[in-house]
Each structure stands twice: as structure tokens, then as C-alpha cells.
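First up is the structure itself, then whatever we jot down about it.
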Amino acid sequence: MFGTIFFGAVYLTKALYLQDSYLKECDATVVKVTDGKYIVLDQTIFYPKGGGQPWDTGKIIRGEEVFNVVYVGKFGGEISHEVDREGLKEGDRVHCILNWERRYKFMRSHTAAHLFASLVCNETGALVTGNQIEEDKVRFDFSLERLDRGIIMKCVNKANELLKRNIPIRWYELPREEALKIPGVVKMAKAFPPNIPRLRIVEIVGVDKQADGGTHVKNLREIGRIRLLKIESKGKRNKRVYFAIEDGVK
Ligand SMILES: [Zn+2]
């Protein structure tokens, strides 16, 4: 969630998803192939695992041939697409198609995660010590000694009120020094942004600003609603919360 992938950190590949998270297809050129199945492209719509958001899946198509993308990760600053079989070569012109249903759920979950973390951190002063988005739920760890179910429910209810409203989300870059002046722009206890001159900010307008490299929806109304699943204590100063998102009443 609290991004490890920022503009400027990727060398060979233009990360199209950072600019337009709604791109479902793109053309690309294969620039590198490692061990037959690990593909680097000149540009990509596939999000690599990182910052608590899972990787995208989908297809890379060359002519009539389909290569299924089974994993996408970032290795040595490069976005590497693992495909299910060998055959792609450097210089190949390909067409990429995202598994949009999977990605869009992650976008909704990721923006919901920012909203929820913002409310909990404001309410309690906690930091986020861990966060993972999964297909069916979102997990958070907060640095809290006491975890009051009432406070968490209050945050869930507040989030669900905001999710009904027409509140846009924007993302843009800021110079590092300017970005780091924003209160609460880094909520993750240990994940301070890398030492690069510009940071990507994801802003839920009027609610939260967060340094982040993930993919987000454009409006809170796309998310639906948050349902609290579980709260558990994982130690003296670590409390874990699970929630799911579900379609709201439109
Ligand atoms: Zn995030």
C-alpha cells in the first residue's frame, strides 16, 4: 500500500498504470527476456507486486499466440512479467491485455485502504506497521496498545459515509521536500520513501494525501462499502484489522 514504487525508480519500462490506472490494454515491445519466461517490456499496464498490492495477471499476445502473465514483480528496478511458456523474443511487438476484474478489485480495495488508514490514524495517532491487500480482504496492522472495537467501528462507519459521496481521487508528483511537508503523507512506520527527487502522491480530495505507487479508483463512489471482518491482537503494540469491500447500494 504505502508505495515502494515511484516514478523514476523503473529503468527500462514506462509504467503506464501509474498515470492511467484504467488502461486495460496496450501495445509494447519486448526489450529483454531472461530464462525464457521473464519478460521486460518498454511499457506496461501490469502492476508489479509491491506496496501491499498484489500483481496483475493477464495476457501478452504476439500475433495469434497468447502468453499468460502469471506473476509480475520488480527486480533490480525492472518490471518483470513471468509468462506461462517460453517463446517471446527481444524486439517482438506484442499486445497486452489486463485481467481487469482482478485489477479493478485491487484498485477499489487500495483506495478503501487509504481511506480507512487515514481515519484510524487520525482517530488514534497510530502508525501503520503492515498492510496487505488480498483478493477477498484487506489486512492492516496498527501500532496500538489498545484496540477498541468501538473506535474501529466508528472509523468503518465514517468510511462508509464518505464512500457514498462524490469525492474524487487524484495522483500527481511533487518535489520530495514539498511532499514530505504534508502531514501524515507517510503512514507506514518503516517504509520511508526512497531517496528520489520526486514523490508520487495519491490524494483523496479533502480527506487524505499519501505517498504511494499503487493503482487507485477515481472516485470514492466506485468502491461500494467496507465491512469489518475481524480485529485481533498480535502483540502488545500490534493490532490487526481485516476488512472486505462489497458493492454498496447505488
Ligand atoms: Zn497505498
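Would you say residue 102 is more than 16 Å from the ligand (Cβ to nearest atom) and assigned to a loop (DSSP other than H, G, I, E, B)?
no
Filtering the range 66-86 to residues that are surrounded by fewer than 13 Cβ atoms within 10 Å (Cβ to Cβ) and without any contact (Cβ under 8 Å) to a residue 40 or more places away in the chain leaves 75, 76. Condition check: part of a strand (DSSP E or B) and either surrounded by fewer than 19 Cβ atoms within 10 Å (Cβ to Cβ) or at pLDDT 95 or above (or both). Does residue 165 satisfy that? No, not satisfied. Working only within the range 15-28, note down all residues that are open to solvent by 30 Å² or more (accessible area, probe 1.4 Å) and either over 15 Å from residue 108 (Cα atoms) or touching a residue at least 60 places away in the same chain (Cβ under 8 Å) (or both). Selection gives 19, 22, 23, 24, 25, 27.
As a summary of the residue check, residue 155 satisfies the conditions (1) over 21 Å from residue 215 (Cα atoms); (2) out of contact with any Phe, Trp or Tyr (no Cβ under 9 Å at 6 or more places or on another chain) except for the one numbered (2).
Are any of the residues in the range 57-69 part of a loop (DSSP other than H, G, I, E, B) and among the aromatic types (Phe, Trp, Tyr)?
So the first thing to find is which residues in the range 57-69 are part of a loop (DSSP other than H, G, I, E, B), and the list is 57, 63-64.
The next check asks that each one be among the aromatic types (Phe, Trp, Tyr); those that pass are none.
Scanning the range 57-69 turns up no residue that is part of a loop (DSSP other than H, G, I, E, B) and among the aromatic types (Phe, Trp, Tyr).
One residue stands out in the range 55-65 among those that are under 18 Å from the mean Cα position of the chain (by Cα) and surrounded by 21 or more Cβ atoms within 10 Å (Cβ to Cβ): the one that is nearest to residue 133 (Cα to Cα), namely 55. Taking the range 230-245 as the range and being touching a helix residue (DSSP H, G or I) at 6+ places or on another chain (Cβ under 8 Å) and open to solvent by 40 Å² or more (accessible area, probe 1.4 Å) as the test, only 231 passes.
The values are calculated or read from the model by the stated rules, or taken from the named source; none is laboratory data. Quantities reported herein were computed from a predicted structural model and do not represent experimental measurements. In this analysis, Cβ positions are derived from the backbone assuming ideal geometry, glycine residues included, and neighbour counts consider all displayed protein chains. Ligands, DNA and RNA are excluded from the accessible area calculation, which covers all protein heavy atoms including side chains. Shrake-Rupley method; radii C 1.70, N 1.55, O 1.52, S 1.80 Å.
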